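One structure below.
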Amino acid sequence: MTTPVPPPAPAPPRTGPGPTVGFDLDMTLIDSRPGIHATWRRLAAETGVRIDADLVVTRLGPPLVQELAYWFPEEEIPAMAARYRALYPDHAIAPTTALPGAREALDAVRAAGGRTLVVTAKHRPSAALHLDHLGLAPDVLVGELWAEGKAEALTAHGAAAYVGDHVGDVRGARTAGARSVAVATGPCPEAELAAAGADVVLPDLTAFPSWLAAFTRGEAPGGRPPHPSCAGHLS
């Protein structure tokens, strides 16, 4: 079972109109590799399938069904996805940690008067468990969207920027017309993220508050964010 944690400290109050910023989850806000590794090992033990969990955690980002396709016949994937998700709460939540700068990044958006949006390919209930366990509290959470599909949520919520660790996140931001802020904390190296079209590549989220401050002044790559009334900002 997962270990209870104290409730998070109150988030900084909003100071005025600011940008909506989207964030990916796995390897952007959280290091879920230990928990995902443990869940895959449990699934392997139950099914008798030789799954290389070490390999699995080197390519996090795409939807679960894509990874399952490497290990199971197509007709078994729906059942295996359901079983993996059933195992996930007891095996993946407790070992997962927030990445450096994750809380400060969310707080920086709120302090700038903005809204935070997590858009992830992960099953939404699993994502919510991670956020609750770690005391991370975005304004909106949307699950089960990947790459260009993330543009659906980014556009609907008027995101001015999207932060992610994968080239799929870069594609999602560009499809939505949002600034792509890449962080080199996942499977994709800085050069690959830049080549995919990221507006800026940061080493990790500890550099995000400074970038956001410059962005809101129109001094960062990508220029000034749209005014909320023109960006489809949702109340």
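The values are calculated or read from the model by the stated rules, or taken from the named source; none is laboratory data. This structure is a prediction, so every number in the text was calculated from the model and none was measured. Glycine also receives a Cβ, built like all others from the backbone with ideal geometry; neighbour counts cover every protein chain displayed. Note: accessible area is taken over every heavy atom of the protein model, side chains too, but ligands, DNA and RNA are not part of it. Shrake-Rupley method; radii C 1.70, N 1.55, O 1.52, S 1.80 Å.
Can you list, bin by bin at 10 Å, the percent of alpha carbon pairs in the chain, starting at 0?
For the chain, the binned pair fractions read 8, 34, 35, 18, 5, 0 percent.
For GLU104 and GLU219, what is the calculated FRET efficiency with R₀ set at 22 Å and r taken between the beta-carbons, to the nearest 0.05?
FRET efficiency, GLU104 to GLU219: 0.65.
Need one word for region 62-101: rounded, prolate or oblate. Basis is the Cα gyration tensor (sqrt eigenvalues a ≥ b ≥ c); a/c below 1.5 gives rounded, then a/b vs b/c decides.
Since a/c reaches 1.5 but b/c is at least a/b, the shape of region 62-101 is classed as oblate.
Which angle from 0 to 90°, rounded to the nearest 10, does the C-alpha axis of helix 77-92 make with the longest principal axis of the chain?
70 degrees
If the chain between THR155 and ALA191 were fully stretched, how many nm would it gain, using 0.36 nm times the residue separation less the Cα-Cα distance?
So the extension gain works out to 10.3 nm.
Take ASP54 and ASP204, extend 7 Å from each Cα along the Cα→Cβ direction, and tell me the distance between the two endpoints in nm.
With each label placed 7 Å out from Cα toward Cβ, I get 2.3 nm.
Using just the helices of the chain, give the 222 nm mean residue ellipticity in deg cm²/dmol: DSSP H runs with n ≥ 4 each add -39,500 (n - 2.57), and the total is spread over all residues, rounded to 500. Provide the component values of the computation, followed by the final result.
On the way: 10 runs with 92 residues, N = 235.
So the calculated ellipticity at 222 nm is -11000 deg cm²/dmol.
Place a label point 7 angstrom from the Cα of ARG41 along the Cα-to-Cβ direction, then list the residues of region 65-85 whose backbone nitrogen is under 12 Å away.
Flagged as within label range: none.
With axes computed from alpha carbons, what is the tilt in degrees of helix 124-134 against the longest principal axis of the chain, rounded to the nearest 10 within 0 to 90?
Approximately 70 degrees, to the nearest ten.
Calculate one ³J(HN,Hα) per residue across region 143-156 by plugging θ = phi - 60° into the Karplus curve 6.51 cos²θ - 1.76 cosθ + 1.60, and present them in order as whole Hz with x for glycine and proline.
x, 6, 10, 9, 6, 4, x, 5, 4, 4, 6, 4, 5, 4
Counting only protein heavy atoms and a 1.4 Å probe, tell me what percentage of the chain's accessible area is made up of carbon and sulfur.
Looking at the chain in its full context, I get 55 percent from C and S.
If you average the alpha carbon positions of region 145-180 and of region 92-116, how far apart do those two centres end up, in angstrom?
Cα centroid of region 145-180 versus Cα centroid of region 92-116: 18 Å apart.
So what's the angle, to the nearest 10 degrees on a 0 to 90 scale, between helix 33-47 and the longest Cα principal axis of the chain?
30 degrees
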